[in-house]
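Just below is one structure, and these are the notes that go with it.
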Amino acid sequence: MKDWYEKSFGEDYLLVYKHRDAAGAVREVKKMISWLDLPQNARVLDLCCGTGRHSLALADAGYRVSGVDLSGVLLREARKLDAEQRVELHQADMRELPLDGDFDAVLNLFTSFGYFREDEEQMKVLREVCRMLKPGGCFIIDFMNSPHVRSHLVPESERETDGQRIAEKRKIEDNFVKKDITIIPQDGDGEERHYHERVKLYTLEQMKQMLAASGLVIDEVHGGYDEDESYRKESSERMIFVGHRPHPQEM
């Protein structure tokens, strides 16, 4: 049995999430650069890079970028966008990366974390983030803010895109936020397609404990990419961890 993330990140993912644009990625990367203070030509790993929006913005900013994703479909789109082959792309599971470390920064963006049923599986991801970083290297893990998700969850929504009706149902169950997606062709040509997404809801304290246990140090927590980026427990939509892998003398 394939798990949900092996099924959902295919052709229909490009339809469901087509509203995510390159201009937004450029704005977000500018903010990330201001947090990390990376030198030009630094090595950056975009972990769960998807179609490569942020990878390409990072390359445009003067960094040497590698991207990793499990989805062959999304990597195919990333290669189309990266006509000059500036980003080194790899297909792999984020729990076991086929790369050596020595990155100056690792980015894990837009809730590309919490996909697995067991906490130990999420810990494998964090330990890989730590392994990828050189001592003193920086990380950003951009996760949803669970108190905001709990208080603002929209149970049902519908929209139409490219002649397809997209119906989404959301619920919180067993500390997971779960989304069921149905795509219905409006011209009657083709069958309905169904997808399921599931992400673990971790609190700020739980994330702090997991990051510490994986050998990572948190320097800042932000609530978003806007000008007022302060993290507020009840109102921030995001929970963005900025930190580093400590040098041996820090430990």
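The values are calculated or read from the model by the stated rules, or taken from the named source; none is laboratory data. If you're wondering where the values come from, they're calculated on a predicted model, not measured in any experiment. Note that we place each Cβ from the backbone using ideal geometry, even for glycine, and neighbour counts take in every protein chain shown.
Which members of the stretch 203-251 meet the condition of being farther than 26 Å from GLU120 by Cβ and of a type in the set (Phe, Trp, Tyr)? Within the stretch 203-251, TYR225, TYR231 qualify. Tallying residues that are farther than 17 Å from PRO147 by Cβ and either among the charged types (D, E, K, R) or in contact with a Pro (Cβ under 9 Å, 6 or more places away or on another chain) (or both) within the stretch 208-248 yields 14. Do we have VAL177 as over 30 Å from GLU11 (Cβ atoms) and either assigned by TED's automatic domain parsing to the domain that holds SER112 or touching a helix residue (DSSP H, G or I) at 6+ places or on another chain (Cβ under 8 Å) (or both) here? No; evaluated as a whole, the condition is false for this residue.
Report whether or not GLU192 is modelled with pLDDT of 95 or more, surrounded by fewer than 14 Cβ atoms within 10 Å (Cβ to Cβ) and among the acidic types (Asp, Glu). Judged against the criteria, GLU192 is not a match.
Evaluate the following for LEU81: is it in contact with a Gly (Cβ under 7 Å, 6 or more places away or on another chain), modelled with pLDDT under 95 and under 25 Å from GLY24 (Cα atoms)? Walk me through it before giving the result.
On the way: in contact with a Gly (Cβ under 7 Å, 6 or more places away or on another chain): yes; modelled with pLDDT under 95: yes; under 25 Å from GLY24 (Cα atoms): yes.
It is true that LEU81 is in contact with a Gly (Cβ under 7 Å, 6 or more places away or on another chain), modelled with pLDDT under 95 and under 25 Å from GLY24 (Cα atoms).
Exactly one residue out of GLU96, GLU120, GLU77, GLU84 is farther than 20 Å from PHE241 by Cβ, part of a helix (DSSP H, G or I), acidic (Asp, Glu) and in the same structural domain as VAL44 (by TED's automatic domain parsing): that is GLU77.
Number of residues in the stretch 1-54 that are among the acidic types (Asp, Glu) and either surrounded by fewer than 17 Cβ atoms within 10 Å (Cβ to Cβ) or in a loop (DSSP other than H, G, I, E, B) (or both): the value is 5. Only one entry in ILE184, ILE172 is modelled with pLDDT under 95, over 21 Å from LEU107 (Cβ atoms) and among the aliphatic types (A, V, I, L, M), namely ILE184. Scanning the stretch 148-182 for residues that are within 19 Å of the chain's Cα centre (by Cα) and in a helix (DSSP H, G or I), we see that the one that is farthest from VAL16 (Cα to Cα) is HIS148.
For beta carbons closer than 9 Å, sequence separation of 6+ or different chains, a first residue in the stretch 27-56 that is touching a residue at least 24 places away in the same chain (Cβ under 8 Å) and a second that is assigned to a strand (DSSP E or B) and among the hydroxyl-bearing types (Ser, Thr, Tyr), the qualifying pairs are ARG43/SER66; VAL44/SER66; LEU45/SER66; ASP46/SER66; CYS49/SER66; SER55/SER66.
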